[in-house]
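The values are calculated or read from the model by the stated rules, or taken from the named source; none is laboratory data. This structure is a prediction, so every number in the text was calculated from the model and none was measured. FYI the Cβ positions are ideal-geometry reconstructions off the backbone, even for glycines, and counts take in every protein chain you see. Protein only, heavy atoms only, side chains kept; ligands, DNA and RNA dropped before computing areas. Shrake-Rupley method; radii C 1.70, N 1.55, O 1.52, S 1.80 Å.
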Amino acid sequence: MGSMRYHEPYHRIFGFVGVNIVESTLGRRGRDGGVCRRSAYESNLSRVFFATCARGLGEVLADELREIGGTRIVDVVPSGVRFETDTLGDGCRAAFWVRTAMRIVEEVAAGQNAVDDVYGFAREAVRWGEEVVLPGQTFSVDVRASPRESSVVNGIRMRVKDAVCDAMRDRPGGRKPIPPDSPALADVPLFITVNNGTVSIHRDLAGPSLHKRGYRRNVIHKSALNESVAAGMLLLGGWKTLACETEGLLVDPVCGSGTLLIEATLIALNIAPGLFRDRFAFQSWSDVRAGLIEELREEALAMRLEHCPRILGNDTHAGALSIALQDIASAGLETRIELDSVDVEHLHVSQTPMLVVGNPPWGRRLDDAQECWSKLGIFLKREASGSRALLFSGSSDITQYLKMKASSRYPIRIGNVDCRVLDYQIFPSKGTLVRSEAL
């Protein structure tokens, strides 16, 4: 995108998004000209949001937001998207439907050179008690800062919290807000960023990360792929288009606890991720119209599809398969996903898959990674000749045991690990017995 502007330090501190929000038109300026603020109740202003994602999925996320509708993409960076909507409800709809985002936060205010007096800025930038956080509501404060300003994070968290509490207490008839039982349960999760002296205030539409769909109810396997990353990987590989071929087959021969299988089925059936979530933070906001969440759920149920390709998973780890079965049942997909438990080298399928996906073990996770990748290569050449495979790995060395060359590599950063989605065009090797369609 030729018009894209962002400052790399901000890109790092937001965790995912890299745009200089102070360059935005935020609404009103304070007396010193350094504070930009946006009233949560001014209907004539466009709403400004940041959707965050794993680094490398920014373009995929932007495509999602365009398809969801009601959004205007402003900036796209590797780990997030800045977008605008005409209404807060359109932002809430995006949070309900988006698959690859980790967070969607709405911009509230930004103050240049506000670090030295962050208490004064936070207290005056918003009419606390009249907007954003109202009497009787709980709030939490999360702070992200650029590396050179990381030492101020705890101090800023406390000063912003004090500013909000004091402003609400000092209002006529006001009282200090009661803290939430846990930050995840706050009515208004505030998200503060600090970059080059600029302090910005946002409110998080969801609360807990959007990758926490809600279908994982109990134990999470230690090697499980993040749900949003799994969805992003599938969308990178064109699964949404392939899924229209309802007679086809998707296979994950090393499915573990089944995240890729579940996310692939949700995409194929057009099931909104928000349907599994018990609560979005925006449900507590007074400027979100009553009944919106019910409307979103009714719309999502009406848009579900009846048919999807066959989805097959396989793994030999009994514990992982047990978790997969629980999560598949929690998502209501028992009749949509098939599971097998054989050594991947001996796995046979009844038709050539449209797509093979997988998150095979790699060095930092499991000890038998080399053998698994080698056997996976045998399976691919025998059972999926002429098809494609999308494989996820955080090790550049382990993939050599597949004995195949990737046609494309998509970098994705998860935490501090540089990972890759590897796209393979599968050709049979000499001497390999190719699967017969008669099987």
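If each of I73 and N218 carries a label point 7 Å out from its Cα toward its Cβ, how far apart are those two points in nm?
4.1 nm
Hey, how many Å between the Cα centroid of segment 239-256 and the Cα centroid of segment 321-378?
A separation of 12 Å, based on Cα centres.
With 5 Å bins from zero, work out the P(r) of segment 139-183 over every alpha carbon pair and list the percent per bin.
5, 21, 23, 20, 15, 10, 5, 2, 0
Report, as a whole number in µm² per second, the diffusion coefficient that Stokes-Einstein gives for segment 303-419 at 25 °C and 0.890 mPa s using the Kirkwood radius over alpha carbon pairs.
It diffuses with D of about 155 µm²/s by this estimate.
Return the percentage of antiparallel bridges among DSSP beta bridges fully within the chain, rounded to the nearest 5 %.
So the antiparallel bridges amount to about 70 percent of the total.
Would you kindly state how much longer the chain becomes between Q400 and D287 on full extension, computed as 0.36 nm times their sequence separation minus their alpha carbon distance, in nm to one decimal?
35.3 nm
Can you give me the accessible area per residue for segment 279-365, using a 1.4 Å probe, in Å²?
48 Å²
Would you mind getting the accessible area per residue of segment 128-254, heavy atoms of the protein chains only, 1.4 Å probe, in Å²?
Per-residue value: 42 Å².
Counting only protein heavy atoms and a 1.4 Å probe, tell me what percentage of the chain's accessible area is made up of carbon and sulfur.
For the chain, the apolar C and S fraction of the accessible surface comes to 49 percent.
Using only the Cα atoms of segment 377-421, what semi-axes does the equivalent ellipsoid have when each is the square root of 5 times a gyration tensor eigenvalue? Give whole Å, largest first.
Equivalent ellipsoid semi-axes, largest first: 22, 11, 8 Å.
To the nearest 10 square angstrom, what accessible area does F392 show with a 1.4 Å probe?
0 Å²
Please list, by residue number, everything in segment 310-326 whose backbone N is under 20 Å from a paramagnetic label point 7 Å out along Cα→Cβ of L269.
Within reach of a label on L269: 310-314, 321-326.
When ranked by the protection proxy of mean other Cβ atoms within 10 Å per residue, highest first, what sequence do the peptides 182-188, 105-111 form?
Ranked from most to least packed, the peptides come out as 105-111, 182-188.
With percent of Cα pairs over 38 Å apart in mind, check (1) 21; (2) 34; (3) 28 and report the label derived from this structure.
Comparing each candidate, only (3) matches the computed number.
Which pairs, out of K212/K375; K240/K381; K176/K212, put more than 26 Å between their alpha-carbon atoms?
On the way: K212/K375 32 Å; K240/K381 24 Å; K176/K212 31 Å.
Over 26 Å Cα-Cα: K212/K375; K176/K212.
For segment 155-209, report the convex hull volume of the alpha-carbon atoms normalised per residue, in Å³, without decimals.
103 Å³
Are there any helices in the chain, counted as whole DSSP H runs, that stretch 20 Å or more along their axis by Cα and score at least -1.0 on average by Kyte-Doolittle, and if so which? Show your work: numbers first, answer last.
Details: long enough: 153-169 (24 Å, -0.08); 369-383 (21 Å, -0.38).
Length and hydropathy pass: 153-169, 369-383.
Residues of segment 239-275 with the amide nitrogen closer than 14 Å to a label point 7 Å from the Cα of M303, along Cα-to-Cβ, please.
The answer is 267-275, whose backbone nitrogens lie closer than 14 Å to the label point.
Taking all pairs of distinct Cα atoms, average 1/r, flip it, and tell me the Kirkwood hydrodynamic radius of segment 233-335 in Å to one decimal place.
15.2 Å
When the scattering of segment 200-269 is computed by the Debye formula from its Cα atoms alone, each counted once and equally, what is log10 I(q)/I(0) at q = 0.27 Å⁻¹?
The Debye formula, applied to the Cα set alone, gives -1.31.
With runs of 4+ DSSP H residues as the only contributors, calculate the mean residue ellipticity of the chain at 222 nm using -39,500 (n - 2.57) per run, divided by the residue total and rounded to the nearest 500.
After summing the helix terms and dividing by the residues of the chain, the value is -8000 deg cm²/dmol.
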